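Novice: Pasting in a structure now, in structure tokens, and then I'll have a few things to ask.
The values are calculated or read from the model by the stated rules, or taken from the named source; none is laboratory data. Note that this is a predicted model, so its numbers are computed, not measured. Cβ: placed from backbone, ideal geometry, glycine included. Neighbour counts: every protein chain shown. These accessible areas exclude ligands, DNA and RNA; they are computed on the full protein's heavy atoms, side chains included. Shrake-Rupley method; radii C 1.70, N 1.55, O 1.52, S 1.80 Å.
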Amino acid sequence: MSEEQTAERLNGTVEDIRFRNEQNGYTVLEIGCDDELVTAVGTFSDISVGETVRLSGAWVYHPTFGRQFKVEAFEREMPATAEQLYNYLAAGAVKGIGPATAEKIVKKFGEQTFDILENEPERLATIKGISIDKAKKIQENFKKQFAVRSVMLALEGYGMSPRECIAAYDAFGSNAVARILENPFALCNGETGIGFERAETIAAALPNPPASHLRVQAGIVHIVRQNLYSNGHTCIPREKLLSIAAAYLETNTDTIDIQLDALVEAHTLVQRELGGREFIFLTSAYNDEKTISDRIKILLRFPPPQSETLEQDIADIERENGISYAETQREAIRTAVERGLLILTGGPGTGKTTALKGILQLFERQGLDIALAAPTGRAAKRMTELTGRDAKTMHRLLEVEWDEHDNPVFKRGLRNPLECEVLILDELSMVDIHLFASLLQALPFGCRLIMVGDADQLPPVGAGNVLADLIGSGLLPVVCLTEVFRQAMDSLIVTNAHRIVGGDMPVLDRKDGDFFLLERTNPYAAAKTVSDLVSKRLPQAYGLSPTEDIQVLCPSKKGEVGTVHLNTLLQNSVNPPDEKKAELTVGFRTFRTGDKVMQTKNNYDVIWEKADGETGEGIFNGDIGVIEQIDPRAETARIRFDDRTVVAAKEQLVEMELAYAVTVHKSQGSEFSAVIIPVVSVLPNLCYRNLLYTAVTRAKKLLILVGTAEEVEKMVRNDKKTRRYSALQYFLHDEVQ
């Protein structure tokens, strides 16, 4: 039976608005139906108390708020009788009109009131207490009030959802209907949340098809945008774009060529010749890479004042700390101080932390104001633990705020630079072009910049390949630590990581080390073994906590040994259902007291508290915590993220997922006592060396591979890193002598 056949209908008047989310239109209403007051929930346009509505939907039961009417669709009837008009205006629907003024207006104009408000506001001035200026303001507010409504009524007729209608109004204002009738592809501009394929569906529902070139242009921009945000390319070769777009849009390359030129001429896209090939950019990506290039050139051009006591200072630090730096570590310290710009790179066990501490101590001796930052909360926390100094996320350092489209806006920038004299940035391999460009713009003139990262790890989730491009340019001072120190060589995790990155098979047959392979030839057996290791074998043999110490890292989300299936399996084995454990279902996920969870999006509004009473704000993408308590009636969960505790509402839990198993990409910047990696039936596009290397280097004390040596060898042998088109190296060399 179809939804239309089963939908129930409800007619009534809006008596009260209990809750409204201005971003997406989700609203909780009290509807007066005959003598009954009904709670209705759904997505509405700018609805007001006093309106008469016809609702279509179904009755549901909310565990806290009881019986509710879930609205799937609605129609509004404009107030018609004098009583309805009064109720509507008296409720404050139109700014400038309260109950007393509403009574005067309706008493004088009766059922003509709306026509007077819209077309003859000067007649309002005949009422005592309403001046001509006030009358005009009332008319202005009235028209604004109904603009979104008329947009909604028109666009819903073309199959657009209330959320899409609100997004269209936010983008185009009262002109939204005309704009969409002319060009529905204007909706997929990256800010409405409406994609190209959805815009095609809307276009098909319009009475007249839009001009064909509008579809082609939108499709081209869609492909470039997808390559940036989904594949990490900052640009794409023109000839490649022509063939991809022609196939995707089912047209010929000549048509694409003509419309691409039009987009470039209109500055919607940017075209530049790089190395004899034409490349196409989104304007934002082009500006980000140019900004990085320009700011790096300034840093190179103006080195800091030289220290006459540098060598003696290094010797003093060695004596104070009872250490002797290796020559490459000494070179790193010297370069940081003399050049004020350094990329420090190297694998595990090569002494990056020791060198970094030396750099910090020298800058402190010079009395410089030092800031430490990393791209994620976990990476910043780890940096704090390693250096003993407070580190912030890059977003926090730049004092992020969020615009109406949920995009980051940084308070720190060219006009409001940071106040530090030295910035040390860790985990540069994770930083995308937009975040790095924003950081460089916020650096004050003369600030030293020390960047730390491992170029053999995965590139950032976002666009670009900043660390690899900066190193590859050959313009910046780079010190690569390669010597593995004696104490680190006792760890098979360290030595095998270096074997992997060098293209050699890791040692898999030692039984007395910290690195093991458990042979399993099929995904089903591997998944069962992973479950047993986490829930029983490792806790019994090593006393490890399944939630605090052990982390499963998967190449993929999909399949028997992907994160989705393994999280279900591990939740049932580590934290099975129990009548004493409360549960909360959010979408298709069920969270349970005791579950291990991960925040999947930066949320700077969440308030946390520490055991000592200290409070603050912010839970970040990649933060892992444990649910300590669930309150089913209030639909909240208390979650402990390391030493911080937050109380998350059900709406906030949408941003969380189970974290017994996470992808290798999500683990970047983190370390775990014990890591388990399933290596069987790895998807071909994920079967490569630096993914395995990144996963292995997340383990501190114990690393277990579950799968086959053949699959490990495939990954080790495949050094074909994911190709990312970028222009940063070209821009760095442009006009550099």
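Novice: When only alpha-carbon atoms count, how far does segment 614-689 stretch along each of its three principal axes, as whole angstroms with the largest first?
Specialist: 45, 27, 19
Novice: Okay, moving on. Restricting to DSSP loop positions (anything but H, G, I, E, B) with no more than 12 other Cβ atoms inside 10 Å of their own Cβ, which trypsin sites (Lys or Arg not before Pro) remain in segment 614-691? Mind showing how you got there, number by number?
Specialist: Details: sites: Arg633, Arg638, Arg640, Arg644, Lys650, Lys666, Arg689; in loops: Arg633.
Loop-located and lightly packed - Arg633.
Novice: Give me the percent relative contact order of segment 530-614, please, defined on Cα pairs under 8 angstrom at least 6 residues apart.
Specialist: On the way: 52 pairs, mean separation 17.2, N = 85.
Answer for segment 530-614 is 20 percent.
Novice: Go through His395, His213 and list them by solvent-accessible area, largest first, probe radius 1.4 Å. Mind dumping the intermediate values first?
Specialist: Numbers: His395 25, His213 75 Å².
Largest accessible area first, the residues go His213, His395.
Novice: For Lys134, give me every one of the lysines with a C-alpha distance below 24 angstrom, ignoring sequence neighbours fewer than eight places off in its own chain.
Specialist: The reachable lysines, counting only those whose Cα sits under 24 Å from Lys134, are Lys95, Lys104, Lys107, Lys108, Lys143, Lys144.
Novice: Hey, another quick one. What share of all Cα pairs of the chain, in percent, falls into each consecutive 20 Å distance bin?
Specialist: Result, from short to long distances: 14, 39, 34, 11, 1 percent.
Novice: To continue, here is another question. I'd like the distance between the alpha-carbon centres of segment 699-714 and segment 596-614, rounded to an integer number of Å.
Specialist: Measuring centre to centre over Cα atoms gives 33 Å.
Novice: What does DSSP give for the chain in terms of the percent of beta bridges that are antiparallel, rounded to the nearest 5? Could the numbers behind the result be given before it?
Specialist: On the way: 69 of 108 bridges.
Antiparallel bridges: around 65 percent, rounded to the nearest 5.
Novice: What percent do you get for the relative contact order of segment 149-284 when only Cα pairs under 8 Å and 6+ apart count? Intermediate results must be reported in sequence, preceding the final value.
Specialist: Values: 148 pairs, mean separation 23.2, N = 136.
Once divided by the residue count of segment 149-284, the mean separation gives 17 percent.
Novice: While we're here: Any idea of the accessible area per residue across the chain, 1.4 Å probe, to the nearest Å²? If you can, show how the numbers build up before the last one.
Specialist: Numbers: 34400 Å² over 737 residues.
Spelled out: the 1.4 Å probe surface of the chain, per residue, equals 47 Å².
Novice: Sticking with this structure for a sec: Relative contact order for segment 440-558 using alpha-carbon pairs under 8 Å, separation at least 6, rounded to a whole percent?
Specialist: Values: 41 pairs, mean separation 12.0, N = 119.
Result for segment 440-558 is 10 percent.
Novice: Take segment 416-456, compute every pairwise Cα distance, and split them into 5 Å bins from 0; I just need the percent in each bin.
Specialist: 6, 22, 29, 25, 13, 3, 1
Novice: Of all accessible surface on segment 461-503 at a 1.4 Å probe, what whole percent is carbon and sulfur? Please report the intermediate quantities before stating the final value.
Specialist: Numbers: 970 of 1850 Å².
Percent of accessible area from carbon and sulfur atoms in segment 461-503: 52.
Novice: Output the DSSP H helices from the chain with an along-axis C-alpha extent of no less than 30 Å and a mean Kyte-Doolittle hydropathy no less than -1.0. List each step's numbers first, then the result.
Specialist: Numbers: long enough: 132-156 (36 Å, -0.32).
Flagged H segments are 132-156.
Novice: Right, here's the next one. Give the residue from Ile258, Pro305, Thr291 lying farthest towards the positive end of the charge dipole for segment 244-308; charges sit on Cβ (+1 for Lys and Arg, -1 for Asp and Glu) and the dipole is referred to the Cα centre.
Specialist: In segment 244-308, that residue is Pro305.
Novice: Let me ask something else about it. Quick one: how many Å² of Thr529 are accessible to a 1.4 Å probe, rounded to 10?
Specialist: Rounded to the nearest 10, that gives 10 Å².
Novice: Exposed loop chymotrypsin sites (Phe, Trp or Tyr not before Pro) only (DSSP loop, at most 11 other Cβ atoms within 10 Å): please give the longest stretch of the chain free of them, not including the sites.
Specialist: Numbers: sites that count: Phe445, Phe588.
Longest run free of exposed loop sites: 1-444.
Novice: Here is a further query. Share of antiparallel DSSP beta bridges in segment 358-462, in percent to the nearest 5?
Specialist: Restricted to segment 358-462, the bridges split so that about 25 percent are antiparallel.
Novice: For every helix of n ≥ 4 consecutive DSSP H residues, a contribution of -39,500 (n - 2.57) applies; sum these over the chain, divide by its total residues, and give [θ] at 222 nm rounded to the nearest 500 deg cm²/dmol.
Specialist: Values: 29 runs with 290 residues, N = 737.
The helix contribution divided over the chain gives -11500 deg cm²/dmol.
Novice: Per residue, what volume in Å³ does the Cα convex hull of segment 283-325 take up? Intermediate values should be presented prior to the final figure.
Specialist: Numbers: hull volume 4.8 nm³, N = 43.
Once divided by residue count, the hull of segment 283-325 is 111 Å³.
Novice: Please label the shape of segment 86-140 as rounded, prolate or oblate, based on the square roots a ≥ b ≥ c of the eigenvalues of the alpha-carbon gyration tensor (a/c under 1.5 means rounded; beyond that, a/b larger than b/c means prolate, else oblate). The partial results should precede the final answer.
Specialist: On the way: a/c = 1.34, a/b = 1.22, b/c = 1.10.
Judged from the Cα gyration tensor, segment 86-140 comes out rounded (a/c under 1.5).
Novice: Please work out the Kirkwood hydrodynamic radius for segment 249-331, using every pair of different C-alpha atoms, and report it in angstroms with one decimal place. Before the final figure, lay out the partial values.
Specialist: Numbers: mean 1/r = 0.0555 Å⁻¹.
Computed over Cα pairs of segment 249-331, the Kirkwood hydrodynamic radius comes out at 18.0 Å.
Novice: I would also like to ask the following. Express in Å², to the nearest 10, the accessible area of Leu368 obtained by rolling a 1.4 Å probe over the protein heavy atoms while all chains stay in place.
Specialist: 30
Novice: May I ask you to list the GluC sites (Glu not before Pro) in segment 371-410 that are in a DSSP loop and have at most 10 other Cβ atoms within 10 Å of their Cβ?
Specialist: Numbers: sites: Glu385, Glu399, Glu401, Glu404; in loops: Glu399, Glu404.
Sites meeting the loop and neighbour criteria: Glu404.
Novice: Output the direction-averaged projected area (hull surface divided by four) of the convex hull of the alpha-carbon atoms of segment 195-235, in nm².
Specialist: Details: hull surface 11.7 nm².
Computing the convex hull of the Cα atoms and averaging its projections yields 2.9 nm².
Novice: Follow-up. Please give, to one decimal in nm, the separation of the simple spin-label points placed at Asp719 and Thr283, each 7 Å out from Cα toward the Cβ.
Specialist: 4.2
Novice: Determine the sum of side-chain charges near Ala374: Lys and Arg each +1, Asp and Glu each -1, restricted to other residues whose C-beta is under 9 angstrom from that of Ala374.
Specialist: Taking every other residue near Ala374 into account, the sum is +2.
Novice: To the nearest 0.05, how large is the calculated FRET efficiency for Glu583 and Thr39 if R₀ is 25 Å and r is the Cβ-Cβ distance? List each step's numbers first, then the result.
Specialist: Working: r = 24 Å, r/R0 = 0.96.
The pair Glu583/Thr39 has a calculated efficiency of 0.55.
Novice: Mind listing which trypsin sites (Lys or Arg not before Pro) in segment 525-575 are in a DSSP loop and have 12 or fewer other Cβ atoms within 10 Å? Before the final figure, lay out the partial values.
Specialist: Details: sites: Lys528, Lys536, Arg537, Lys557, Lys558; in loops: Lys557, Lys558.
Nothing satisfies the criteria.
Novice: Could you tell me which of the pairs Lys536/Lys666; Lys601/Lys650; Lys381/Lys580 are separated by over 22 angstrom between their Cα atoms in the structure shown? Present the calculation step by step, with values, prior to reporting the outcome.
Specialist: Working: Lys536/Lys666 25 Å; Lys601/Lys650 15 Å; Lys381/Lys580 34 Å.
Pairs exceeding 22 Å: Lys536/Lys666; Lys381/Lys580.
Novice: In segment 590-737, what % of DSSP beta bridges are antiparallel (nearest 5)?
Specialist: On the way: 23 of 30 bridges.
Expressed as a percentage, antiparallel bridges in segment 590-737 total about 75.
Novice: Turning to a different aspect of this structure: What figure, in Å² to the nearest 10, do you get for the accessible area of Glu338 with a 1.4 Å probe and non-protein molecules left out?
Specialist: 70
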